[in-house]
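Undergrad: If you scroll down you'll find the structure; I have some questions about it.
All of the numbers you see were taken from the coordinates with simple rules; none came from a lab. All values derive from a computational prediction rather than experimental measurement. Note that we place each Cβ from the backbone using ideal geometry, even for glycine, and neighbour counts take in every protein chain shown.
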Amino acid sequence: MPIYESTSEWISLGLAGPLRRRAVAFLRSHRKEWVLDSGAGPGVSSRMLLEDGFEGIVGLDPSIRLLRFARSRLARRFCPIVGVAENLPFRPGSLGAVITCFSLRDVVNLGLSLEEFARATRRGGALAIVDIGKPDSGFWRALIGFYISRVMPVLARVLIRGRTPGNPFKMIITTWEKLLTNRRLSDLIEQSFGPCVLKSFFLGGLAVFEADRFSVWKDILQ
């Protein structure tokens, strides 16, 4: 599993770790509440949350294998749950915050996932998303698309050097192609969760979304 974190750092030009830590910092006022790490995987973001003083982390992932690995590293303050973002097993308003790093792009239903984050997070809570981005500008989008489809797989293959079968990072290509542009995703987060600030990095090829859980029009209708 350590190969995942080190390779991610290289193919993100050293930005994956700092952007995860930026997301963690955004959620610091919720340290004493339950925080959901959606798409927790091997527990990289959960580890950073615990190192930063967060007291209770729920790690959600469809992979039992990855959650077992994360639990073996993080012990009791990490509570693993097998599941998906589209169907969260939590009562309304039971979470203080949600973080999802480099996994939102993999959900089957983006809109439903964001609505579930909003349902499970209390008013005044927060959502932090870190992921690969799709620039709004056609020129920069084409440039980032070339890096992801042509350069990144070669770089990842060199870094892996036969330590894992195939090249799992090639999956990023198909998920990137399905992504909304950064601004459209930010707008969708605002509609579903609450006011959102978008920060772009690496020419828009990496993005951080920081949202606060306040009433949106769907809440008013309910």
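Undergrad: Can you give the local net charge around L60? Use residues other than it whose beta-carbon is closer than 12 angstrom to its beta-carbon, Lys and Arg +1, Asp and Glu -1.
TA: On the way: positive: none; negative: D37, D61, E86, E116.
With Lys, Arg at +1 and Asp, Glu at -1, the neighbours total -4.
Undergrad: Nearest 500 deg cm²/dmol is fine: what mean residue ellipticity at 222 nm does the chain get from its DSSP H runs of n ≥ 4 alone, each adding -39,500 (n - 2.57), divided by its residue count? Let's see the in-between values first.
TA: Values: 10 runs with 93 residues, N = 222.
Computed mean residue ellipticity for the chain: -12000 deg cm²/dmol.
Undergrad: Where Lys and Arg each count +1 and Asp and Glu each count -1, what net charge lies around F69 among other residues with Cβ under 13 Å from its Cβ?
TA: Working: positive: R47, R65, R68, R71, R73; negative: E5, D61.
After counting each charged neighbour, the total is +3.
Undergrad: Using a Gaussian network model of the chain with C-alpha springs under 10 Å, which one of I132, I144, I160 is most mobile by mean-square fluctuation?
TA: Of the options given, I160 has the highest mean-square fluctuation.
Undergrad: Could you tell me the distance between the Cα centroids of the range 174-206 and the range 4-80, to the nearest Å?
TA: If we compute the Cα centre of each part, the gap is 21 Å.
Undergrad: Something else about it: Could you work out the mean projected area of the convex hull around the alpha carbons of the range 127-184, in square nanometres to one decimal?
TA: On the way: hull surface 19.5 nm².
Computed as one quarter of the Cα hull surface, the answer is 4.9 nm².
Undergrad: Here is a further query. R183: net charge of surrounding residues, Cβ under 13 Å, Lys/Arg +1, Asp/Glu -1, itself excluded?
TA: On the way: positive: K134, R141, R184, K199; negative: D136, D187, E190.
After counting each charged neighbour, the total is +1.
Undergrad: What does a probe at L112 reach in the range 30-49, counting residues whose amide N is under 19 Å from the point 7 Å along Cα→Cβ?
TA: Answer for the range 30-49: 38-40.
Undergrad: Let me ask something additional. Which three lengths, in whole Å and largest first, does the range 1-144 cover when its Cα atoms are put on their principal axes?
TA: In descending order, the Cα extents are 43, 31, 28 Å.
Undergrad: Could you sort the peptides 96-107, 36-47 by per-residue average Cβ neighbour count (10 Å cutoff), highest mean leading? Write down the numbers at each step before the final one.
TA: Numbers: 96-107: 23.8, 36-47: 25.3.
Ranking the peptides 96-107, 36-47 by packing returns 36-47, 96-107.
Undergrad: Taking 0.36 nm per residue of separation and subtracting the Cα-Cα distance, what length does fully extending S29 through K170 add? Intermediate values should be presented prior to the final figure.
TA: Numbers: separation 141, 0.36 × 141 = 50.76 nm, distance 3.63 nm.
That pair, S29 and K170, stretches by 47.1 nm at full extension.
Undergrad: Tell me, what is the FRET efficiency for R22 and S94 to the nearest 0.05, using R0 = 41 angstrom and their Cβ-Cβ distance as r? The partial results should precede the final answer.
TA: On the way: r = 25 Å, r/R0 = 0.62.
The value I calculate is 0.95.
Undergrad: Ok, one more. Hey, what did the chain get for relative contact order, percent, Cα under 8 Å, at least 6 apart?
TA: Relative contact order here is 19 percent.
Undergrad: Let me ask something else. What percent do you get for the relative contact order of the range 25-157 when only Cα pairs under 8 Å and 6+ apart count? Please report the intermediate quantities before stating the final value.
TA: Working: 224 pairs, mean separation 30.6, N = 133.
Result for the range 25-157 is 23 percent.
Undergrad: Along Cα→Cβ, 7 Å out, is where each label goes; now give me the distance between the ones at S149 and D136 in nm to one decimal.
TA: Placing both labels 7 Å beyond Cα along the Cβ direction yields 2.4 nm.
Undergrad: Return the FRET efficiency for the residue pair E9, R77: r is the Cβ-Cβ distance, R0 is 22 Å, and the value is rounded to the nearest 0.05. Spell out each step's value before the answer.
TA: Details: r = 25 Å, r/R0 = 1.12.
For E9 and R77, the calculated efficiency is 0.35.
Undergrad: Which entries of K178/K199; K32/K178; K32/K199 have Cα-Cα distances beyond 30 Å here? Let's see the in-between values first.
TA: Details: K178/K199 20 Å; K32/K178 36 Å; K32/K199 26 Å.
From the list (K178/K199; K32/K178; K32/K199), the Cα-Cα distance tops 30 Å for K32/K178.
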